[in-house]
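What follows is calculated from the coordinates using simple rules that are stated; it is not laboratory data. The structure displayed is predicted, hence computed values, not measured ones.
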Amino acid sequence: MLDFQERVLSGIGKIPFQEMAKAGIDSDEIKKQIITILNPFFENENLLNDFALDSLPPEADNCMLLKQNPNSFALFKNVLEIYRDAKKTNPEACYEACAAMEFEVSEGLKIYWSTVHAEASKDDLGLSDFAFESFRQIGTIIEACIQPILKELRFILKVSRNKEFDFTKGVEFGGIVDELKSSDKLSRHLTFTKDDILLNQVRNIAQHLNFQIQQNMINVSYKNGEKKASLSRGELDNLLEDILSTFNAVRLARVIFNVDNILGISNYINTRREHRDDQILFSIISGLMAKGYQCSSLVTQSEYIQIELIEQQTPTRKRALAAMHYLSNVWKYSQKDRLKFSYLDKAGAYLVESILDKESGLKLINKEISVEDLFRNLSIKETHTKISIFTRVFNWLKSIWS
């Protein structure tokens with residue numbers, strides 16, 4: 001039985017982007033594969049092409065995983081269709097609704113990653129402890145991660161129906177689920193287990209720990225005790241799987257729509273989001289894997305990010321430049337002061353070690369300087385290498401970078 005963290009991270013590697021890169025397949029070919037997977041769900045092919053390697057490898061991965069679950073894949077497509085219907089009805093209202101919930105959705109993702117890091121295997125837990133931990137995770141994912149997206153989806157659904165809405169007017173989660181349930185595209189995706197328990201009632205069970213263990217079964221109560229249901233250990237584990245899959249489905253639909261319409265939505269976002277470093281690094285690692293680099297060490301501090309890459313192909317000037325250019329995206333998301341970058345060959349020899357400052361990184365993003373220009377200002381250090389090895393590496397560098 002996979003623990004929670006394994007479930008979350010199991011997407012990395014399911015699509016063999018890293019194995020393709022290790023085998024020497026060009027990153028352009030990997031990019032084509034990502035575009036092939038996501039192209040059916042994008043309207044703006046130019047944006048898909050722009051973001052394919054930098055931001056979308058995890059989404060392509062998630063898309064393939066969802067395809068293995070027909071119900072969740074149908075939910076993903078239906079939610080994306082609702083966003084598109086709203087855009088057709090009133091594009092500006094749709095963009096405004098997406099922007100209005102951006103902060104709350106982002107905050108939920110921070111809690112999501114906290115849940116991932118707090119996870120430990122439940123295999124050896126007794127049934128009572130297993131139920132407690134499972135419901136804790138279910139409650140967290142629904143409350144912090146799914147609920148903000150469904151709040152946004154409620155606004156989006158109103159836009160698609162050409163109805164007025166008020167961002168400042170709060171609605172309880174049960175009311176949100178009831179409204180969304182009125183859509184034929186969503187009604188069958190908002191109930192869970194063989195007893196068809198509504199998502200908000202699953203949340204209530206989890207948050208209030210409304211369960212008892214009797215005769216090796218997990219008995220739950222909901223609707224103020226009026227209704228009861230029984231779950232086996234396996235059924236509760238499946239419920240957690242279904243909740244995670246629901247989150248992945250609605251999140252993927254939202255991400256694709258946001259990337260596809262980033263120019264319109266960005267006009268309504270006035271403040272910069274604060275990301276957890278996990279969110280930044282997950283995207284960076286996925287992109288690097290797709291490009292054929294193994295990230296052997298990744299450390300984040302308040303002022304800098306330190307990344308150590310092992311080249312899975314033949315080290316070349318072009319490959320080193322490509323890695324450095326990609327890593328300039330760190331400043332788009334993190335706004336750290338420094339990026340400490342190490343580039344190694346498969347044997348572990350340090351070929352390049354450098355420290356890039358924020359000013360240079362932003363100039364690179366804004367195309368005020370090129371990677372080649374930036375490299376002329378980089379320092380190569382002896383750290384982690386013996387002098388004899390360093391001297392050989394330095395000579396090798398001079399030969400390929402001159």
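Among the listed pairs LYS88/LYS181; LYS31/LYS88; LYS87/LYS185, which have their C-alpha atoms separated by more than 26 angstrom in this model?
The pairs that break the limit, which is 26 Å between Cα atoms, are LYS31/LYS88.
When N is the residue count of the range 4-266, what does its C-alpha Rg come to as a fraction of 2.2 N^0.38 Å?
1.06
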